[in-house]
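Quick notes on the structure that follows.
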Amino acid sequence: MAERPRVYKTEGVILKRRNIGEADTIFTVLSEREGKFDAVARGVRKARSRMRGHLEPLTRSRLMLAQGRSLDVFTQAETVDPYRNVREDLERTAVALSCVELVDRFTIEHAEAGAIYHLLVALLEALDEGLQATVSRHFELDLLAAAGYELQLGACTLCGGRLPAEETLLAPAAGGLVCANCRPVAGEGRLVSVAVIKVLRHARSVEIREFGALRMPPEVEAELRAALGAVVRYHLDRELNVPRYLRDVEALPG
Ligand SMILES: [Zn+2]
């Protein structure tokens with residue numbers, strides 16, 4: 001690994017925090033250049049801390065850090081965008097935090113995550129501008145694609161065959177929509193309606209803002225949320241199983 005500079009600047013979104021000791025807090029940051037990392041802010045919970053307001057979760061900040069023995073240490077923080085409209089609305093805050101949690105779970109510390117960083121910033125901006133909470137569905141599709149799990153929606157994922165306009169199986173293990181013939185070998189999945197398939201395809205063909213302007217009937221919105229939620233859970237379960245599998249390999253005798 002290349003030698004890192006002792007002091008460095010970066011810009012990032014604060015994902016979460018956890019307090020340690022009497023006045024210190026560890027913040028998890030997603031940055032464009034450094035990927036996801038943890039760093040500690042010393043004394044940040046004291047009333048006179050100048051950094052406190054610039055290190056809130058969901059805030060995008062310019063950061064200066066110094067290399068520490070185990071964790072790097074924040075030396076300066078300055079807000080670029082507090083996404084105030086997100087923060088002041090309970091529903092928007094909840095949507096943003098659930099997307100941040102997905103980002104946290106789909107990224108590995110210090111691995112390249114520039115594309116995911118830009119997706120997260122675009123989501124926070126869309127929510128801050130007052131677009132519908134359904135922008136998080138667009139974000140989930142983008143995040144899956146950035147993590148290497150792009151859903152195949154145009155033709156049958158397994159045989160490439162044409163998909164008639166009817167209820168179709170969305171099978172995460174197969175990687176997308178699956179025709180009736182391939183269903184027996186597609187693994188688990190759920191049938192999705194023609195309306196949801198149309199919305200999924202639309203989402204992949206437009207930017208997040210344009211998607212946020214689309215009005216959906218509540219039942220389509222609910223079905224879309226459940227369908228994508230199942231795909232996301234499937235991949236997260238698999239990701240969680242990788243470290244366990246590696247541990248099992250390491251534990252093998254010899
Ligand atoms: Zn097929």
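How much of the DSSP bridge set in the chain is antiparallel, in percent, rounded to the nearest 5?
On the way: 35 of 39 bridges.
Just about 90 percent of them are antiparallel.
Can you tell me how much longer the chain between Arg201 and Leu71 gets when fully stretched, taken as 0.36 nm per residue apart minus their C-alpha distance, in nm with one decimal?
Numbers: separation 130, 0.36 × 130 = 46.80 nm, distance 4.28 nm.
Length gained between Arg201 and Leu71: 42.5 nm.
Could you tell me whether the range 1-130 comes out rounded, prolate or oblate from its Cα gyration tensor? Rule is a ≥ b ≥ c as square roots of the eigenvalues, rounded for a/c under 1.5, then prolate if a/b exceeds b/c, otherwise oblate. Provide the component values of the computation, followed by the final result.
Values: a/c = 1.84, a/b = 1.24, b/c = 1.48.
The shape class here is oblate.
With springs only between Cα atoms under 10 Å apart, run a GNM on the chain and tell me which of Ala147, Ala186, Ala23 wobbles the most.
Top of the fluctuation ranking is Ala23.
Using only Cα positions of the chain, each an equal point scatterer, no hydration layer, compute I(q)/I(0) via Debye at q = 0.09 Å⁻¹ and quote the log10 values to two decimals.
The calculated log intensity ratios at q = 0.09 Å⁻¹ are -0.48.
Where in the range 9-109 are there trypsin sites (Lys or Arg not before Pro) that are in a DSSP coil and have at most 12 other Cβ atoms within 10 angstrom of their Cβ? Walk me through the numbers on the way to the answer.
On the way: sites: Lys9, Lys16, Arg17, Arg18, Arg33, Lys36, Arg42, Arg45, Lys46, Arg48, Arg50, Arg52, Arg60, Arg62, Arg69, Arg84, Arg87, Arg92, Arg105; in loops: Arg33, Arg42, Arg45, Lys46, Arg48, Arg50, Arg69.
Filter output for the range 9-109: Lys46, Arg48, Arg50, Arg69.
7 Å from Cα along Cα→Cβ at both Met64 and Glu109: what's the point-to-point distance in nm?
That separation, rounded to one decimal, is 2.5 nm.
Counting alpha carbon pairs within less than 8 Å and at least 6 residues apart, what relative contact order, in whole percent, applies to the chain? Intermediate values should be presented prior to the final figure.
Working: 415 pairs, mean separation 34.4, N = 254.
Relative contact order for the chain comes out at 14 percent.
With Cβ to Cβ distances under 10 Å as the rule, what net charge do the other residues near Ala41 carry (K, R +1; D, E -1)?
Details: positive: Arg17, Arg42, Arg45, Arg52; negative: Asp24.
Cβ neighbours under 10 Å give a net charge of +3.
How far, in nm, would the chain grow between Ala173 and Ala94 when pulled straight, counting 0.36 nm per residue and subtracting the alpha carbon separation?
Result: 25.6 nm gained on full extension.
Starting from the Kirkwood radius over alpha-carbon pairs of the range 76-190, derive D by Stokes-Einstein at 4 °C in a medium of 1.567 mPa s and give it in µm² s⁻¹.
On the way: Rh = 16.2 Å.
Value of D from the Cα-based Kirkwood radius: 80 µm²/s.
As an exercise, use a Förster radius of 25 Å and the Cβ-Cβ distance of Glu188 and Val220 to find the FRET efficiency, rounded to the nearest 0.05.
Numbers: r = 23 Å, r/R0 = 0.90.
Efficiency, from the Cβ-Cβ distance: 0.65.
Report the extension gain between Glu56 and Asn19 in nm, rounded to one decimal, defined as 0.36 nm multiplied by the number of residues separating them, less their alpha carbon distance.
On the way: separation 37, 0.36 × 37 = 13.32 nm, distance 1.26 nm.
Extending this stretch completely gives an extra 12.1 nm.
Which of Ser98, Ser49 has the fewest other C-beta atoms within 10 Å, and how do the rest follow up to the most?
Values: Ser98 13, Ser49 17.
Fewest-to-most ranking of Ser98, Ser49: Ser98, Ser49.
What number, in nm² with one decimal, is the all-direction average of the projected area of the convex hull of the alpha-carbon atoms of the range 148-254? Numbers along the way, then the final one.
Working: hull surface 34.7 nm².
Taking the Cα atoms of the range 148-254, their convex hull projects to 8.7 nm² on average.
What is the distance in Å between the Cα centres of the range 143-160 and the range 212-236?
With the range 143-160 and the range 212-236 each reduced to a Cα centre, they are spaced 16 Å.
Each reported figure results from applying straightforward, stated rules to the coordinates on display, with no laboratory input. Quick caveat: nothing in here was measured; it's all calculated off a predicted structure. Here the Cβ is made from the backbone with ideal geometry for all residues, glycine too, and neighbour counts use every protein chain on show.
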